[in-house]
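Student: Next up is a structure, given as structure tokens.
The values are calculated or read from the model by the stated rules, or taken from the named source; none is laboratory data. Computed from a predicted structure; not experimentally measured. For neighbour counting, all protein chains shown are included, and Cβ atoms are generated from backbone atoms with ideal geometry for every residue, glycine included. Surface areas here come from the heavy atoms of the whole protein model, side chains and all, with no ligands, DNA or RNA. Shrake-Rupley method; radii C 1.70, N 1.55, O 1.52, S 1.80 Å.
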Protein chains: 2
Amino acid sequence: MRNKFAKRASLVKSSETREILKVTERPEMISFAGGLPAPELFPVEELNVACEAVLKVDGPASLQYSTTEGYIPLRNAIIKRMDAIGIQAHLQQILITSGSQQAIDLTGRLFLDEGDTIICESPTYLAAVNAFKVYNANFVEVEMDEDGMMMEALEKQLQENPQAKFIYTIPDFHNPTGRTLKLERRKRMIELASQYDVLIVEDNPYGAVRFSGTALPPIKHFDTEGRVIYLSTFSKIFTPGLRLGWICADEVFIEKYVAFKQTADLHSDSFAQRITAKYMELYDIEAHIEKIKAVYKERCTTMLTCIDQFFPKNISYSKPDGGLFIWVELPASVDSSKIFVECLKNNVAIVPGIPFFPNGTQKNTLRLNYSNTTKEQIREGIKRMGEVLHHELKKETTTS
Amino acid sequence: MRNKFAKRASLVKSSETREILKVTERPEMISFAGGLPAPELFPVEELNVACEAVLKVDGPASLQYSTTEGYIPLRNAIIKRMDAIGIQAHLQQILITSGSQQAIDLTGRLFLDEGDTIICESPTYLAAVNAFKVYNANFVEVEMDEDGMMMEALEKQLQENPQAKFIYTIPDFHNPTGRTLKLERRKRMIELASQYDVLIVEDNPYGAVRFSGTALPPIKHFDTEGRVIYLSTFSKIFTPGLRLGWICADEVFIEKYVAFKQTADLHSDSFAQRITAKYMELYDIEAHIEKIKAVYKERCTTMLTCIDQFFPKNISYSKPDGGLFIWVELPASVDSSKIFVECLKNNVAIVPGIPFFPNGTQKNTLRLNYSNTTKEQIREGIKRMGEVLHHELKKETTTS
């Protein structure tokens with residue numbers, strides 16, 4: 001049989017992280033690799049009540065085909081939560097998606113022609129990179145510091161890429177770095193986007209999970225031109241398994257998103273939408289999120305303390321105020337894929353940084369997740385990692 | 001703001017059928033428009049038991065991120081059902097999708113480059129047309145008769161389009177025509193596909209809902225080269241709201257499908273997969289399907305009898321042995337969109353045939369659905385439609 005695949009089939013590979021996750025399913029493994037929420041915090045009992053209530057009152061409708069736009073009470077609940085963080089939206093500006101991964105994919109589908117340019121943080125979320133690659137996009141990476149994407153570097157890239165389609169940014173507790181874009185940069189990004197007539201895709205799955213510092217308004221809060229497409233999800237504040245996310249954008253965009261979502265999966269799971277809405281009607285999701293924050297804060301603090309204690313001193317790392325990740329930068333000569341292999345031998349899983357760079361540069365970085373391990377596992381895992389790092393970095397010094 | 005949309009944004013419009021469905025939500029409307037299963041048959045009570053069982057035994061895991069390939073017990077249950085219809089598959093040949101719509105979309109993503117050609121029935125499933133348009137495909141339509149796609153016409157198109165990527169076919173109770181591809185044509189299609197080295201995408205959402213005649217083996221049953229990609233769904237035999245479908249194909253294809261599904265939505269709803277598997281473990285889905293068949297048979301028979309009684313005699317229509325649809329062909333001079341408008345005035349909704357023709361020819365056709373209306377509604381609706389048709393066809397005769 002001759003090769004039938006589309007050209008794009010050679011561009012997109014099964015995500016490295018997800019392949020790593022398979023290895024990490026062994027029970028003896030301490031995994032800092034995934035981006036999994038703590039499953040022991042999922043409101044299982046409450047969901048059982050919600051399922052029963054939905055099936056009792058609304059059984060057939062909850063299992064039938066439903067509108068592409070999504071279940072209205074769920075969209076209204078989202079509008080209420082968005083209002084609390086400074087985004088005023090109405091019903092026609094909200095589309096329910098099958099996780100925020102679908103929101104990213106549909107964004108590529110709606111905006112990207114072959115060879116189009118996306119401006120993004122360096123590094124950035126690897127599953128977004130893969131999704132945009134499906135539409136044959138090019139990536140222009142903008143340097144970050146501890147306060148997120150750097151605005152002078154962004155302006156330079158906007159000048160050099162006047163046809164760029166959008167800036168893709170994760171301003172809150174960025175994946176993979178855990179960094180947050182500071183306030184004045186948010187305002188500046190909007191100014192620059194307007195000046196250079198480019199859209200902003202604000203991917204915000206983690207913003208609600210802030211466990212220290214002061215909350216910052218989303219970039220969309222400053223948007224007066226309908227230039228910001230805001231993506232978020234229930235994955236980090238409720239459960240990821242139900243695959244529910246949303247897009248908040250101007251109606252002119254949402255209308256087109258709806259047409260493309262029809263081609264992708266007709267609509268998101270009707271039952272998942274109704275039980276999530278029912279949960280928010282019956283229970284206090286904000287109180288639930290407070291519980292998540294308390295646990296993640298403790299785990300993050302434990303990991304940072306252990307890193308400080310066990311890692312060599314010439315390693316730098318981010319100190320997140322929320323979200324799920326810590327980013328580690330090793331000395332420039334160290335290849336983190338070696339560290340990854342050595343850690344695996346010691347039953348510790350991490351993610352090497354390289355796939356987070358769309359153009360595949362910086363090899364000396366790695367990502368650690370703290371949301372899905374106990375304090376004891378974090379202590380033991382970071383200790384073992386520290387031993388690997390001391391050993392490998394010593395080798396580096398002696399050989400180089 | 002300058003226009004940012006991708007070129008494909010102008011090709012894909014919100015599905016006409018789904019837009020019509022919105023109008024038909026008015027309670028006084030008798031709708032033959034959608035393709036909705038009968039919601040009163042959904043096993044609501046049983047699903048409640050399944051939800052409780054899953055949450056009790058497996059709560060956190062059922063709400064967590066899960067593998068892209070899908071929940072293994074669900075894939076095993078699918079393998080068992082496939083075996084019963086003559087397809088032997090193993091685990092690595094099954095991918096769970098978010099409804100079979102996603103299976104269609106991923107098929108476009110995996111195989112179609114801009115300008116690629118798909119060979120399909122004329123007419124064909126309109127949401128597949130829209131999904132393939134996303135990847136800028138061209139459509140070559142092959143004539144059908146009462147026994148499905150005509151093989152001489154297919155061979156002619158294969159000769160004229162040697163670079164065609166695949167044949168997209170709905171062999172059982174075809175949407176929109178309700179027709180079934182006869183046995184010798186199934187064998188011939190495989191022969192032709194092999195001879196002209198083209199893939200077959202066998203879309204089979206309705207095959208399990210056969211209420212008369214003898215079951216035919218799927219085209220994939222005759223596939224010795226891994227040339228057939230088989231798509232199916234739980235939407236018509238269980239519930240469409242949970243959005244669960246599957247792809248059965250050779251591993252070399254499934255591996256790539258998995259990578260592309262990761263970009264689309266990471267994985268399908270974990271909870272929906274588990275409750276569906278649990279339902280099949282606790283209950284007899286075959287007995288449930290028998291109930292569906294009995295009801296659909298009665299509704300289909302009622303509709304056919306009423307058409308015979310109330311429609312003008314110069315109208316032809318299909319007589320399906322299963323599935324959800326009857327296809328009506330009016331005299332060549334009649335535009336079914338006029339009939340659609342007149343029927344709506346009489347609170348009867350139908351779907352004009354034109355969007356089912358990818359290249360937009362034949363205007364004198366329309367599709368009727370019988371699965372989601374009672375016998376009384378069918379009788380009343382077809383009677384009203386008959387009056388409209390008599391009136392409109394009479395006008396045609398007098399004016400032309």
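Student: Mind listing whichever residues of segment A:223-234 are surrounded by fewer than 24 Cβ atoms within 10 Å (Cβ to Cβ) and within 18 Å of the chain's Cα centre (by Cα)?
Tutor: Pass one, segment A:223-234, residues surrounded by fewer than 24 Cβ atoms within 10 Å (Cβ to Cβ): A:223-227, A:233.
Scanning segment A:223-234 gives a single hit, A:233.
Residues checked against (1) within 19 Å of residue B:358 (Cα to Cα); (2) within 14 Å of another protein chain (Cβ to nearest Cβ):
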position: B:81; (1), (2): no, no
position: B:87; (1), (2): no, no
position: B:110; (1), (2): no, yes
position: B:114; (1), (2): yes, yes
position: B:165; (1), (2): yes, yes
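Student: Please find, among B:269, B:284, the residue that is buried (at least 22 other Cβ atoms within 10 Å of the Cβ) and either within 14 Å of another protein chain (Cβ to nearest Cβ) or more than 30 Å from residue B:317 (Cβ to Cβ) (or both). Reasoning before the result, please.
Tutor: Working: B:284 fails: buried (at least 22 other Cβ atoms within 10 Å of the Cβ).
Selected residue: B:269, the only one of B:269, B:284 that is buried (at least 22 other Cβ atoms within 10 Å of the Cβ) and either within 14 Å of another protein chain (Cβ to nearest Cβ) or more than 30 Å from residue B:317 (Cβ to Cβ) (or both).
Student: Restricting to segment A:217-246, give me the number of residues that are free of Cβ contacts under 8 Å to residues at least 40 places away in the same chain and hydrophobic (A, V, I, L, M, F, W, C).
Tutor: Count: 3.
Student: Mind listing whichever residues of segment A:237-253 are touching a Phe, Trp or Tyr at 6+ places or on another chain (Cβ under 8 Å) and away from every other protein chain (no Cβ under 11 Å)?
Tutor: Just the residues of segment A:237-253 that are touching a Phe, Trp or Tyr at 6+ places or on another chain (Cβ under 8 Å), to begin with: A:238-242, A:244-245, A:247-249.
Correct list: A:247, A:248, A:249.
Student: Got a sec? Which of B:308, B:321, B:335 is touching a Ser or Thr at 6+ places or on another chain (Cβ under 7 Å) and either open to solvent by 10 Å² or more (accessible area, probe 1.4 Å) or of a type in the set (Phe, Trp, Tyr) (or both)?
Tutor: On the way: B:308 fails: touching a Ser or Thr at 6+ places or on another chain (Cβ under 7 Å); B:335 fails: touching a Ser or Thr at 6+ places or on another chain (Cβ under 7 Å).
Checking each option against the conditions leaves just B:321.
Student: Against the condition touching a Pro at 6+ places or on another chain (Cβ under 8 Å) and either in the same structural domain as residue B:371 (by TED's automatic domain parsing) or open to solvent by 10 Å² or more (accessible area, probe 1.4 Å) (or both), how does residue B:292 come out, does it pass? Explain how you work it out, then say what you get.
Tutor: Values: touching a Pro at 6+ places or on another chain (Cβ under 8 Å): yes; either in the same structural domain as residue B:371 (by TED's automatic domain parsing) or open to solvent by 10 Å² or more (accessible area, probe 1.4 Å) (or both): yes.
Yes; evaluated as a whole, the condition is true for this residue.
Student: If we scan segment B:168-182, do we find a residue that is at pLDDT below 95 and part of a loop (DSSP other than H, G, I, E, B)? Full working, then the answer.
Tutor: In the first step, residues of segment B:168-182 are kept if they are at pLDDT below 95; the result is none.
Within segment B:168-182, not a single residue is at pLDDT below 95 and part of a loop (DSSP other than H, G, I, E, B).
Student: Could you please tell me which pairs satisfy a Cβ distance under 9 Å, a separation of 6+ or placement on different chains, a first residue in segment B:272-287 that is under 11 Å from residue B:46 (Cβ atoms), and a second residue that is among the basic types (Lys, Arg) and surrounded by 13 or more Cβ atoms within 10 Å (Cβ to Cβ)?
Tutor: B:280/B:81; B:285/B:81
Student: Also, quick follow-up: Exactly one condition in (1) within 30 Å of residue A:363 (Cβ to Cβ); (2) in a strand (DSSP E or B); (3) within 14 Å of chain B (Cβ to nearest Cβ); (4) touching a residue at least 60 places away in the same chain (Cβ under 8 Å) is false for residue A:141; which is it?
Tutor: Every listed condition holds for residue A:141 apart from (3).
Student: Something else about it: Please specify each residue of segment B:353-394 satisfying the condition of being free of Cβ contacts under 8 Å to residues at least 40 places away in the same chain and open to solvent by less than 50 Å² (accessible area, probe 1.4 Å).
Tutor: B:360, B:364, B:366
Student: From the list B:307, B:285, B:275, B:326, pick out the single residue that is touching a Cys at 6+ places or on another chain (Cβ under 6 Å) and among the β-branched types (Val, Ile, Thr). Steps first, answer last, please.
Tutor: On the way: B:307 fails: touching a Cys at 6+ places or on another chain (Cβ under 6 Å); B:285 fails: touching a Cys at 6+ places or on another chain (Cβ under 6 Å); B:326 fails: touching a Cys at 6+ places or on another chain (Cβ under 6 Å).
Only one candidate passes the filter, namely B:275.
Student: Another one. Take segment A:186-222 and flag every residue that is open to solvent by less than 30 Å² (accessible area, probe 1.4 Å) and either assigned by TED's automatic domain parsing to the domain that holds residue A:316 or out of contact with any Lys or Arg (no Cβ under 7 Å at 6 or more places or on another chain) (or both).
Tutor: Once the filter is applied, which keeps residues that are open to solvent by less than 30 Å² (accessible area, probe 1.4 Å) and either assigned by TED's automatic domain parsing to the domain that holds residue A:316 or out of contact with any Lys or Arg (no Cβ under 7 Å at 6 or more places or on another chain) (or both), segment A:186-222 yields A:186, A:189, A:190, A:192, A:198, A:201, A:203, A:204, A:207, A:218, A:220.
Student: Among the residues of segment B:1-22 satisfying the criterion of being over 17 Å from the mean Cα position of the chain (by Cα) and hydrophobic (A, V, I, L, M, F, W, C), which is modelled with the lowest pLDDT? So that I can check it myself, show each step before the final result.
Tutor: Our first condition is that a residue be over 17 Å from the mean Cα position of the chain (by Cα); within segment B:1-22, this holds for B:1-14, B:19-20, B:22.
From what's left, hydrophobic (A, V, I, L, M, F, W, C): B:1, B:5-6, B:9, B:11-12, B:20.
Values: B:1: 77, B:5: 91, B:6: 91, B:9: 89, B:11: 82, B:12: 78, B:20: 67.
Within segment B:1-22, the match that is modelled with the lowest pLDDT is B:20.
Student: Moving on. From the residues in segment A:24-73 that are at the interface with chain B (Cβ under 7 Å from one of its Cβ atoms) and under 30 Å from residue A:344 (Cα atoms), which one is nearest to the chain's Cα centre (by Cα)?
Tutor: Going through the qualifying residues, I end up with A:36.
Student: Can you find even one residue in segment B:142-164 that is within 18 Å of the chain's Cα centre (by Cα), under 24 Å from residue A:113 (Cα atoms) and either buried (at least 21 other Cβ atoms within 10 Å of the Cβ) or in the same structural domain as residue B:260 (by TED's automatic domain parsing) (or both)?
Tutor: Looking through segment B:142-164, none of the residues is within 18 Å of the chain's Cα centre (by Cα), under 24 Å from residue A:113 (Cα atoms) and either buried (at least 21 other Cβ atoms within 10 Å of the Cβ) or in the same structural domain as residue B:260 (by TED's automatic domain parsing) (or both).
Student: State yes or no: is residue B:178 open to solvent by 20 Å² or more (accessible area, probe 1.4 Å), touching a residue at least 60 places away in the same chain (Cβ under 8 Å) and closer than 24 Å to residue B:321 by Cα? Even if it seems obvious, please write down each step before you answer.
Tutor: Working: open to solvent by 20 Å² or more (accessible area, probe 1.4 Å): no; touching a residue at least 60 places away in the same chain (Cβ under 8 Å): yes; closer than 24 Å to residue B:321 by Cα: yes.
Criteria not met by residue B:178.
Student: Now for a different question. Which residues, counting only those in segment A:115-133, are part of a loop (DSSP other than H, G, I, E, B) and open to solvent by 10 Å² or more (accessible area, probe 1.4 Å)? It would help to see each step written out before you state the result.
Tutor: The first filter runs over segment A:115-133 and keeps only residues part of a loop (DSSP other than H, G, I, E, B), leaving A:115-116, A:123-125.
Within segment A:115-133, A:115, A:116, A:125 meet the criteria.
Student: Please verify whether residue B:129 is among the aliphatic types (A, V, I, L, M) and more than 10 Å from every other protein chain (Cβ to nearest Cβ), treating the condition exactly as stated.
Tutor: Values: among the aliphatic types (A, V, I, L, M): yes; more than 10 Å from every other protein chain (Cβ to nearest Cβ): no.
No: the conditions fail for residue B:129.
Student: Still on this structure: Given the criteria open to solvent by 10 Å² or more (accessible area, probe 1.4 Å), facing chain A (nearest Cβ under 7 Å) and basic (Lys, Arg), does residue B:256 qualify?
Tutor: Details: open to solvent by 10 Å² or more (accessible area, probe 1.4 Å): yes; facing chain A (nearest Cβ under 7 Å): yes; basic (Lys, Arg): yes.
Yes; evaluated as a whole, the condition is true for this residue.
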